[in-house]
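S.K.: The structure that follows is given in the form of structure tokens.
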Amino acid sequence: MISSVFAITKEPFNRTHLSLLPQQKHIVDIIKIHAAQGGFSVIIGEPGVGKSVLREHIESWCNERDTSVVSVSRTMHTYLNILKQLALSFKLDVPAKDLETELIKAAFEHVCQRKTLYTLIDEAHLLNMETLRKLRLLFEKFPKKHNLVLLGQPDLLHYLSLNINADIKSRITFSQAIKPLNDSDLERYIIKELEAAKMGINTFDSAAIEVILRSANGNLRLCRNLCYASLIEACREAKKMVTISHVNNVLIQPHWRSHEELIKQQVAS
């Protein structure tokens, strides 16, 4: 619908066309440096601040000749099932009893091909700490040119700070918190998305932008979803400018109403 009304070939605010923001690019650059010497990176942030974009960007490196990326996202599993996910990402088909040995062997084979290896564990705050401890012992056997990257919510760092997990925390070589964006950054993000789709930067009028920024409250995912939904509302009326009425048509939906109440509670406290 958006493509038809605005006569464009690339839709803005589409998850298939996500680019890194400055703080995400900074994290990526540091992760690459640590991978060269062997790294253990922890990236934390509240839901919606951009961790998934960061993960997807790193996963795209698997198309590069000098990089291999294996990824695990279903973390509420036993150690064995997580090993199976790793094996699937490595494209290994081996018996369960040989998983650890074959994973270590596969890691060395990738590095012998002059590749830097990245292992990503998303939603790491959901990992059982005993499982993480076993994974840490496994990755100790991996080659030097390897960076284990844990991505999760702030609770992850709290768990790692407990005395019982000191052996894991002491091995972290890099950590970073992805913070909510300020209004200026979010507005630049909106303009960048519009420009990339070859749409006018005045597609959203000033009142609409103001409401979007206030409702997103620094959350990149909420901003993207609200912009996209507001564009759809404008297209339903065959309009080429998003106004405050279009944004409000989205905000009256139940899931947005509950979010607005949450924001009010946070402000009040």
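The numbers here are math on the coordinates, done by the rules we state, and not lab data. Just so we're clear, the structure is a prediction, and the values are computed from it rather than from any experiment. Every residue, glycine as well, gets a Cβ built from its backbone with ideal geometry; the counts of neighbours run over all protein chains shown.
S.K.: Can you give me the relative contact order of the chain as a percent, contacts being Cα pairs under 8 Å and 6 or more apart?
M.R.: So the answer I get is 25 percent.
S.K.: Just to confirm my numbers, what's the Cα centroid distance between region 22-51 and region 218-236 in Å?
M.R.: 27 Å
S.K.: Any chance you could give the angle, 0 to 90 degrees and rounded to 10, that helix 254-268 forms with the longest Cα principal axis of the chain?
M.R.: Computed tilt is about 80 degrees.
S.K.: With respect to the cross-link table entries K25/K105; K134/K169; K84/K179; K115/K141; K141/K169; K84/K141, which display a Cα-Cα separation exceeding 22 Å?
M.R.: Long pairs (Cα-Cα over 22 Å): K25/K105; K84/K179.
S.K.: Would you mind classifying region 86-201 by shape? Square roots of the alpha carbon gyration tensor eigenvalues, ordered a ≥ b ≥ c; an a/c under 1.5 is rounded, otherwise it is prolate if a/b is larger than b/c and oblate if not.
M.R.: oblate
S.K.: State, as an integer percentage, the relative contact order of region 86-216 based on alpha-carbon contacts under 8 Å between residues 6 or more apart.
M.R.: Relative contact order for region 86-216 comes out at 18 percent.
S.K.: In addition: Could you work out [θ]222 nm for the chain from helices alone, using -39500 (n - 2.57) per DSSP H run of at least four and dividing by all its residues? Round to the nearest 500 deg cm²/dmol.
M.R.: Rounded to the nearest 500, it is -16000 deg cm²/dmol.
S.K.: So which lysines can K239 reach, going by Cα to Cα under 25 Å and dropping same-chain residues fewer than 8 places off?
M.R.: Those lysines meeting the cut-off are K10, K192, K198.
S.K.: Could I ask something else about it? I'd like the distance separating the alpha-carbon centroids of region 62-98 and region 127-183, in whole Å.
M.R.: 18 Å
S.K.: Sticking with this structure for a sec: Would you mind computing the Rg to Rh ratio of region 129-269 from its alpha-carbon coordinates, Kirkwood style for Rh?
M.R.: 1.15
S.K.: Which listed residue (L156, V94, S71) has the Cα farthest towards the positive end of the charge dipole for region 1-158, taking +1 on Lys and Arg C-beta and -1 on Asp and Glu C-beta about the Cα centre?
M.R.: V94
S.K.: Which of rounded, prolate, oblate describes region 59-122, given a ≥ b ≥ c as roots of the alpha-carbon gyration tensor eigenvalues and a/c under 1.5 marking rounded, otherwise prolate only if a/b is larger than b/c?
M.R.: Since a/c reaches 1.5 but b/c is at least a/b, the shape of region 59-122 is classed as oblate.
S.K.: On to the next question. Percent relative contact order of region 50-92, based on C-alpha pairs within less than 8 angstrom and at least six residues apart?
M.R.: The value is 28 percent.
S.K.: Let me ask another. Using the Cα atoms of region 7-77 to build a convex hull, what is its mean projected area in square nanometres?
M.R.: 6.9 nm²
S.K.: Going by alpha carbons, how many degrees (0 to 90, nearest 10) lie between the helix axis of 220-236 and the longest principal axis of the chain?
M.R.: 40 degrees
S.K.: Now, a different point. Over all directions, the average projected area of the alpha-carbon convex hull for the chain comes to how many nm²?
M.R.: Average projection, Cα convex hull of the chain: 16.4 nm².
S.K.: May I pose another question? What's the Kirkwood radius of region 22-147 in Å, using all Cα pairs?
M.R.: After inverting the mean inverse Cα-Cα distance, the result is 15.0 Å.
S.K.: How far is helix 22-37 tilted off the main Cα axis of the chain, in degrees rounded to 10, range 0 to 90?
M.R.: That helix lies at roughly 10 degrees to the long axis.
S.K.: Please identify, among E56, E237, E195, the residue showing maximal mean-square fluctuation in a Gaussian network model of the chain using a 10 angstrom Cα cutoff.
M.R.: Sorting by GNM fluctuation, first place goes to E237.
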